[in-house]
Amino acid sequence: CFCLQQACRTLRTPLPVVSTLSCDSLAASAMVNGRLLRAPAAGARSKIGPGAVFLSVRTATDWTHCGIVLKASVETFTTIEGNTNDEGSREGYEVCARTRGYAGKDFILVG
């Protein structure tokens, strides 16, 4: 959310979702604001662009990790993520770039 806050401040635009440390609260805010893209099928993935936020889905109402999309392709997307490590933990100690698949992911469209 800090990166999103900085971008919105620079562009002089309001935040598209609430600023929070909770993935569940981010998803809830995105739902209310019509910005949550649930488990996008291949045809809907073109809506995902740089700056979108991905959410790792645990259940239909529980999200456990998030990160910023750098680039979205047909089968995978590239991210930058905090609170992770080289093994892919969501409880890590560093910031890492990753390439991920779409399975088990929802997206917050910020643009």
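The values are calculated or read from the model by the stated rules, or taken from the named source; none is laboratory data. Only a predicted model underlies this, so the values are computations on that prediction, with no experimental measurement involved. Every residue, glycine among them, receives a Cβ derived from its backbone with ideal geometry; neighbour counts consider all protein chains shown. These area figures cover heavy atoms from the full protein model, side chains too; ligands, DNA and RNA do not enter into them. Shrake-Rupley method; radii C 1.70, N 1.55, O 1.52, S 1.80 Å.
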Review point. How large is the helix-only mean residue ellipticity at 222 nm for the chain, computed as the sum of -39500 (n - 2.57) over DSSP H runs with n ≥ 4, divided by its residue count, in deg cm²/dmol to the nearest 500?
Key: -5500 deg cm²/dmol
**Study point:** the chain - accessible surface per residue (Å², probe 1.4 Å)
**Key:** 58
Point to revise | Highest to lowest packing among 1-11, 42-52, 21-31, scored as the average C-beta count within 10 Å | key: 21-31, 42-52, 1-11
Point to revise | Backbone N within region 1-40 under 14 Å of label point (7 Å from Val95 Cα along the Cβ vector) | key: 1-7
Practice item. Work out, step by step, the length gained on full extension between Leu21 and Thr76: first 0.36 nm times the residue separation, then minus their alpha carbon distance; give nm to one decimal. Key: 17.3 nm
Point to revise | Share of pairwise Cα separations in region 72-111, more than 13 Å, in percent | key: 59
Exercise for review: Calculate what fraction, in whole %, of the accessible area of the chain sits on carbon and sulfur atoms when a 1.4 Å probe is rolled over the protein chains.
Suggested key: 55
Point to revise | Taking the C-alpha atoms of the chain, convex hull volume expressed per residue in Å³ | key: 98
